[in-house]
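The values are calculated or read from the model by the stated rules, or taken from the named source; none is laboratory data. Quantities reported herein were computed from a predicted structural model and do not represent experimental measurements. Note that we place each Cβ from the backbone using ideal geometry, even for glycine, and neighbour counts take in every protein chain shown. When the accessible area is computed, the model is the full protein with side chains, heavy atoms only, and any ligands, DNA or RNA have been set aside. Shrake-Rupley method; radii C 1.70, N 1.55, O 1.52, S 1.80 Å.
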Protein chains: 2
Amino acid sequence: MTIREIRVTPVAFRDPPLLNAAGVHEPWALRTIVEVVTDEGLTGLGETYGDLGHLGKVRECAKSLIGLDVHDMNTMYARIGAIVGGVVSDLHGLTGAATKEKSVDRVFAAFEVACLDIRGKAAGVPVVDLLGGKARDAVPYSAYLFYKWAGHPGEEPDRFGAALDEAGIVEQAALLIKEYGFQSIKLKGGVFPPDQEIAAIKALREAFPGMPLRLDPNAVWSVETSIRVGRELEGTLQYLEDPTAEISGMSEVAAAVPMPLATNMCVVTPEHLPPAIASRAIGVLLLDHHYWGGLVRSSHIATLCDTFGLSLSMHSNSHLGISLAAMTHLAAATPNLTFACDTHTPWQDGQDVVVPGSLRFVDGAVPVPAGPGLGVELDRDALARMNEQYEKCGIVARDDTTYMQRFEPGFTARKPRW
Amino acid sequence: MTIREIRVTPVAFRDPPLLNAAGVHEPWALRTIVEVVTDEGLTGLGETYGDLGHLGKVRECAKSLIGLDVHDMNTMYARIGAIVGGVVSDLHGLTGAATKEKSVDRVFAAFEVACLDIRGKAAGVPVVDLLGGKARDAVPYSAYLFYKWAGHPGEEPDRFGAALDEAGIVEQAALLIKEYGFQSIKLKGGVFPPDQEIAAIKALREAFPGMPLRLDPNAVWSVETSIRVGRELEGTLQYLEDPTAEISGMSEVAAAVPMPLATNMCVVTPEHLPPAIASRAIGVLLLDHHYWGGLVRSSHIATLCDTFGLSLSMHSNSHLGISLAAMTHLAAATPNLTFACDTHTPWQDGQDVVVPGSLRFVDGAVPVPAGPGLGVELDRDALARMNEQYEKCGIVARDDTTYMQRFEPGFTARKPRW
């Protein structure tokens with residue numbers, strides 16, 4: 001099954017004003033949709049970041065893959081490595097340091113997923129079966145809460161409304177749980193002074209007793225603040241995610257707080273694992289196939305984590321249905337991925353490039369799509385519409401900080417902030 | 001592709017009197033051949049140990065796998081885990097400590113390889129393609145030298161003749177290199193006092209300048225002896241394999257000798273990796289899919305080793321062509337498996353259960369079989385003949401020590417011996 005053609009299409013979709021340590025989501029989120037076509041006419045889908053520098057690398061690498069067999073991942077990885085070569089600057093500061101390996105993994109992943117989609121279609125099996133088969137039939141996701149404005153400045157409020165205090169966060173949680181059935185909750189923090197976010201977690205605990213809770217301030221706290229918050233939230237958090245920056249800082253915090261620390265920032269590429277493990281910096285790794293080099297490499301990392309006693313959850317950026325399908329197949333095939341995964345799906349609120357129907361939430365979990373490959377079908381009209389949105393929206397790279405500074409000129413994304 | 005039937009056939013084949021720390025190879029070596037048949041009539045081949053206890057577990061587990069899909073490795077692993085349950089005693093003392101996990105991995109591997117064979121056949125691709133594609137077109141193996149008697153006591157000398165001193169070892173190396181084109185050499189040691197084996201290595205160095213050399217005494221030396229030998233062989237060995245027992249002992253030796261240490265004894269299951277890495281006990285892991293849980297799990301372990309800076313080679317027990325094919329597909333798909341692999345193939349001297357032709361040595365390397373799946377075909381006549389040999393040979397479990405004691409009543413396999 002030789003790759004005959006690869007189509008690379010950037011898309012944009014509406015994104016609510018979600019607040020985080022780097023600023024606030026812009027009105028449009030970007031993704032790149034990859035379609036790999038074989039000489040038999042089979043098409044595989046991949047989805048990756050939409051930032052212009054990354055898009056350029058994806059396009060450049062796509063050309064070099066024509067003529068490769070869809071099984072030949074080692075050659076594909078080597079070719080992409082030769083092209084990506086140096087260090088690509090980090091996309092937006094929320095997924096940790098940039099490295100050459102991470103940049104290669106990030107470009108490779110979209111093609112790898114598309115090739116697995118093709119292999120699954122050719123074999124008549126879902127991608128989960130190419131990854132070892134189902135360890136679970138449905139993959140639980142968490143309610144991913146954000147502090148947010150009522151709407152983008154100058155626009156009408158969106159249907160989610162404002163969430164700028166405990167009451168707003170609890171209300172948001174109730175809405176997402178009602179609509180999706182989520183059974184665990186993650187709050188994106190790092191937005192307000194820590195005491196306010198502690199109060200939000202306590203309000204969530206009161207409103208949803210027994211529901212696992214997580215807090216992720218995106219490494220915007222000092223070691224001291226992280227320890228203070230961790231201790232104040234004893235017995236309340238399932239894990240505390242990236243309270244502070246760097247493996248060394250996380251290690252100090254981990255030794256002093258009662259709950260495990262999780263990360264998708266200080267351990268984002270294989271070379272970070274040995275020092276993180278040696279210094280006991282983390283208890284939970286948030287896998288993300290988009291930058292861990294695709295689904296198969298992520299499954300290798302899952303075995304490594306199991307071997308060293310690290311638990312697994314899954315990280316999410318704003319994404320569409322191709323990624324949700326890929327994440328679900330991977331998580332379903334990974335026995336030791338036992339924490340509910342993150343997803344931004346609710347915030348896309350039905351916008352998608354895939355035909356509706358094959359992805360749904362049942363009690364907060366996505367049943368593994370049963371169709372061959374990823375089990376999702378590209379909606380060409382939606383793709384064209386979202387590509388048009390990309391061309392018109394004027395955004396070419398995610399920049400939460402500059403957008404925030406338009407409304408709060410004094411805002412900086414400095415770390416630690418507290 | 002549902003598993004409809006599994007045939008499990010023990011076989012025996014002639015084995016020369018190869019000496020090692022545990023004693024001497026008996027006249028017959030045992031293996032178990034596994035044939036997995038799907039409801040479409042596709043057949044996949046696997047090969048594993050032939051010892052009676054293991055054979056019983058394989059047979060028992062085989063029944064529990066009927067009805068499973070050949071992709072459903074997670075369920076297969078869980079079912080085998082439920083059956084194997086406790087600790088299976090170690091097979092023969094040369095591949096390290098027994099653990100429950102290792103026992104499950106050991107039973108699982110034969111079925112996993114057979115299922116990959118089926119999946120490759122169904123997709124029309126070689127197994128290497130299911131593991132990431134070729135990182136190399138042919139897999140280099142080493143000349144695996146053994147001290148040996150001229151023949152089994154009471155029998156005519158075999159064609160390899162005796163090798164009981166430096167001259168015999170050099171002659172044996174010359175023969176294997178002439179017939180197979182090997183470009184690196186491993187000497188199984190632990191048979192004679194260390195100074196004699198040092199002399200053999202030095203004789204090999206002189207006879208084959210520039211050829212990478214390895215020595216493997218199967219952990220029969222004390223830490224002190226290991227350090228002395230390691231220092232005396234500075235500049236001569238590519239790596240020193242299992243000079244002494246246990247991770248702690250290997251760690252002491254590793255800190256004091258100039259070459260990397262390799263193992264297939266102190267690190268034989270995932271749980272051994274964290275302490276071995278933390279104590280810098282080894283530089284090279286000898287993978288063996290037969291006890292690391294099959295080809296895919298071995299590839300996960302390869303990534304782990306790469307992440308932690310461990311190099312890879314491959315271990316071998318007496319085996320037939322199904323295993324040689326599986327080892328070759330795995331090694332070809334593993335970019336960081338850069339040392340020549342071990343194989344006992346020359347000692348089987350043409351005896352096989354697979355139809356000749358698809359496996360050959362070119363300059364000491366086996367080109368990856370090009371056919372679908374493993375690329376080897378079962379020779380039913382040979383299987384029947386070798387099964388008959390199994391029934392008649394009177395050996396049901398490998399026991400190099402007792403066989404040796406028949407001729408040297410005072411022999412013990414105590415460790416350390418020197």
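For A:ASN336, the label point sits 7 Å beyond Cα toward Cβ; its separations from the matching points on the remaining copies run 1.6 nm, from shortest to longest. Note on A:ASN336 and A:LYS392: the model spin-label points, each 7 Å out from Cα along the C-beta direction, lie 4.9 nm apart. If you run the Gaussian network model on chain B, springs between alpha carbon atoms under 10 Å, then out of B:PHE208, B:PHE13, B:PHE182 the most flexible one is B:PHE208. Each copy carries B:GLN196; placing its label point 7 Å along the C-beta direction from Cα gives inter-copy distances of 8.1 nm, listed from smallest up.
Counting DSSP beta bridges in the protein assembly as shown, what percent are antiparallel, to the nearest 5? Taking every DSSP beta bridge with both residues in the protein assembly as shown, the antiparallel ones total about 60 percent. Contact order for region A:129-367, expressed relative to its length and based on alpha carbon pairs under 8 Å spaced 6+ residues apart, stands at 22 percent.
Given R0 = 30 Å, the distance between the Cβ atoms of A:GLN196 and A:GLU271 translates into a calculated FRET efficiency of 0.25.
Where does helix B:100-123 land angle-wise versus the long Cα axis of chain B, in degrees 0 to 90, nearest 10? So the inclination is approximately 60 degrees.
Computing the accessible area with a 1.4 Å probe over protein heavy atoms, can you report the carbon and sulfur percentage for region A:356-404? Answer for region A:356-404: carbon and sulfur cover 50 percent of the accessible area.
Taking every alpha-carbon pair under 8 Å whose residues sit at least 6 apart, chain B reaches a relative contact order of 23 percent. If each label sits 7 angstrom from Cα along the C-beta direction, how far apart, in nm, is A:GLU224 from its counterparts in the other copies? Label-point distances to the other copies, shortest first: 5.5 nm. Annotation: per residue accessible area for region B:246-347 equals 22 Å², rounded to a whole number [probe 1.4 Å, protein chains only].
When the other protein chains are added to the chain by itself, burial of at least 20 square angstrom of heavy-atom accessible area (probe 1.4 Å, ligands and nucleic acids ignored) affects these residues of region B:51-86: B:HIS71, B:ASP72, B:ASN74.
Angle of helix A:321-332 to the longest C-alpha principal axis of chain A, folded into 0 to 90 degrees and rounded to 10: 80°. The angle between the Cα long axis of helix B:223-232 and the main principal axis of chain B comes to about 70°, on a 0 to 90 degree scale. Annotation for A:GLU179 and A:LEU52: the two label points, set 7 Å from Cα along the Cα-Cβ direction, are 3.2 nm apart. Excluding ligands, DNA and RNA and using a 1.4 Å probe, chains B and A jointly bury around 2000 Å² of accessible surface, summed across both partners. With all protein chains kept in place, the per residue accessible area of region B:109-216 amounts to 34 square angstrom at a probe of 1.4 angstrom. The mean count of C-beta atoms from other chains within 10 Å of the C-beta of residues in A:119-131, rounded to a whole number, is 3. Separation of region B:288-314 and region B:200-274, taken as the distance between their Cα centroids, equals 20 angstrom.
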